[in-house]
Amino acid sequence: MCSVGDAFNIDIAEGIVPRKYKCKDCEKQFKGIGTNPKCPECHSANTETI
Ligand SMILES: [Zn+2]
C-alpha cells in the first residue's frame, strides 16, 4: 500500500502583524498589536496608526 499524504496543512499566522502607531500626546512612535494599543511612553490610549 502506497499512500501519498497530500494533505498539506500550512499554518500561516495571519492577523498578528504589528502595526506602527503614533502617540498623539507625546508623539512617540511604536509598534503594537491590536486596535487600541497604549503608548509605552506615557501610557496614553490616544494613539493613531501611521
Ligand atoms: Zn505617549
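Bear in mind that the values in this text are calculations on the coordinates, not laboratory data. Note that the structure is predicted; figures quoted are calculated from it, not measured. Cβ placement follows ideal geometry from the backbone for every residue including glycine, while neighbour counts extend to all protein chains displayed.
Net length available on complete extension from residue 48 to residue 20 is 9.2 nm, with 0.36 nm assigned per residue and the Cα-Cα distance removed. Amide hydrogen proximity for residue 44: with H placed 1.01 Å from N in the peptide plane, the residues at 5 or more positions away or on another chain lying under 5 Å are 39. Electrostatic tally near residue 23: other residues with Cβ closer than 14 Å to its Cβ, Lys and Arg +1, Asp and Glu -1, net +3. Residue 50: net charge of surrounding residues, Cβ under 14 Å, Lys/Arg +1, Asp/Glu -1, itself excluded? Local net charge: +4.
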